[in-house]
Amino acid sequence: MTIQEIQKLFAYNAWATNRMFEALARIPETDYKRNLKSSHGSLHGTATHLVAAEKIWLSRLVKKPETALMTEQEAPSLQVLKKTWEDIAARTARFVSKLDDNSLESSLEYVTTEGQKFTNSLVQILQHVINHSSYHRGQVASMMRQVGAEPVNTDLITFFRHVGR
């Protein structure tokens, strides 16, 4: 995988997550925060987890590792969470823009929130971040249908067709 491909995937990730936030903004707060018995409870819980995971991975990548995931209490509303996401997305874009093909194979040792130590290549971690966010955006789409809302299309091919040319 090349740095250009990684940069394109992160552009896609930002585009898709921004679209997710636009769709969530149209949902009444009672539905947004209703426990839908998903892996992170509500739409808010799932969106918070998505942002929290990107935040903690970025902290590891820039060698200022956080030890715990951001909680729903730290981002109590969609507006606060979106603002947090925008900051993380901008910082991630700056980080990715400074990488080159050689750096992708470098290794990063990190400690999970459960205290386990792992080492992975940078490219594996970056691919994981994209995959993890895509997975949870899919959960959000399904949960939106449960509350009677229409999710937006965040497919990679849609990005390529309309934005990523």
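The table that follows gives values for the structure above.
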| item | result |
| --- | --- |
| Residue that is surrounded by 13 or more Cβ atoms within 10 Å (Cβ to Cβ) and touching a strand residue (DSSP E or B) at 6+ places or on another chain (Cβ under 8 Å), where the choices are 84, 46 | 46 |
| Checking residue 44 against (1) in contact (Cβ under 8 Å) with a residue 60 or more places away in the chain; (2) of a type outside the set (Lys, Arg); (3) not in a loop (DSSP other than H, G, I, E, B), the condition it does not meet | (1) |
| Every residue from the range 128-165 that is of a type in the set (Lys, Arg) and touching a residue at least 12 places away in the same chain (Cβ under 8 Å) | 137 |
| Listing of helices (runs of 4 or more DSSP H) fully contained in the range 64-165 that carry 2 or more residues being basic (Lys, Arg) | 78-97, 122-146 |
| Residue that is farthest from residue 35 (Cα to Cα) [pool: residues in the range 104-134 that are surrounded by fewer than 11 Cβ atoms within 10 Å (Cβ to Cβ) and either within 20 Å of the chain's Cα centre (by Cα) or among the acidic types (Asp, Glu) (or both)] | 109 |
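Quick note: the coordinates plus some simple rules give every number you see, no bench work behind them. This structure is a prediction, so every number in the text was calculated from the model and none was measured. All Cβ positions, even for glycine, are placed from backbone atoms using ideal geometry, and neighbour counts span all protein chains on display.
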